[in-house]
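Below is one structure, written out as structure tokens; the observations come after it.
Derivation of every value follows stated rules applied to the coordinates shown; laboratory data play no part. Here the structure is a predicted model, which is why all the values come from computation and not from measurement. Cβ placement follows ideal geometry from the backbone for every residue including glycine, while neighbour counts extend to all protein chains displayed.
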Amino acid sequence: MTALPPLTAEFAVPSEIIRMTIVQGEAKASADARVEMSTILGSCVATCLFDPVARVGGMNHFLLAEPPAHVRSQAFDSDYGLFLMELLINEMLGLGARKTRMRARLYGGANLNPDLSPIGTANAAFARQFLEREGIPCVFADLEGTQARRIQFRPVSGQVRARLVPAETAPTQKPLGRPQSALGTVELF
């Protein structure tokens with residue numbers, strides 16, 4: 001019986017994992033093999049982008065697809081996918097990724113409440129259209145449905161774990177306030 005060769009660094013599990021929670025309105029990228037990003041999604045959508053050559057990846061988490069037409073010419077808002085998709089791509093480019101090598105995985109876009117408008121469906125459609133327009137292949141999508149999801153993403157390897165969240169623990173509304181990483185320093189009431 002021959003012994004198996006030792007695991008290479010490419011497949012080794014890092015000894016110390018750095019966990020990053022990506023909350024609504026955030027986009028983060030990393031080239032650190034120790035980083036594991038996670039989020040929980042209801043009607044929101046998360047995009048996990050990965051450049052397999054540069055070994056750079058990132059995740060965003062957006063609440064709505066695009067701002068209304070009368071707002072688009074003004075400042076961008078971090079709740080919108082249009083802003084967060086561009087931000088994620090730019091952060092990855094800054095770490096050495098190339099847009100032509102990026103691959104995407106999409107998650108979320110559930111319609112948790114049948115009595116409300118299908119925001120999740122609109123978010124999912126926007127994410128697909130954005131990637132197509134930008135020429136970034138979507139290699140996997142777990143979108144829509146009626147259940148929330150918990151996503152864990154290792155940006156350097158591109159590995160993702162997605163699990164359905166029981167209905168009683170699913171996010172149902174926008175949290176109060178903004179994450180500290182949100183743009184600007186003004187808190188609106």
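Of everything in the stretch 22-69 that's touching a Lys or Arg at 6+ places or on another chain (Cβ under 9 Å) and among the acidic types (D, E), which residue is farthest from A124 (Cα to Cα)?
E36
Could you grab the pairs with beta carbons closer than 8 Å, sequence gap of 6+ or different chains, first residue in the stretch 119-140 and at positive phi, second one surrounded by 13 or more Cβ atoms within 10 Å (Cβ to Cβ) and in a helix (DSSP H, G or I)?
G135/K99
With the checklist (1) of a type in the set (A, V, I, L, M, F, W, C); (2) crowded, with 21+ Cβ neighbours inside 10 Å; (3) under 14 Å from the mean Cα position of the chain (by Cα) in hand, flag the one item L131 doesn't pass.
That leaves (2) as the condition not met.
Output the residues belonging to the stretch 144-156 that are closer than 11 Å to G58 by Cα and either in a loop (DSSP other than H, G, I, E, B) or among the aromatic types (F, W, Y) (or both).
Listed by number, the residues that qualify are F153, P155, V156.
I89 - would you say it is within 17 Å of D51 (Cβ to Cβ), in contact (Cβ under 8 Å) with a residue 40 or more places away in the chain, buried (at least 16 other Cβ atoms within 10 Å of the Cβ) and not charged (D, E, K, R)?
yes
Only one of A122, A148 is touching a Leu at 6+ places or on another chain (Cβ under 7 Å), surrounded by 17 or more Cβ atoms within 10 Å (Cβ to Cβ) and not charged (D, E, K, R); which?
Going through A122, A148 in turn, the sole match is A148.
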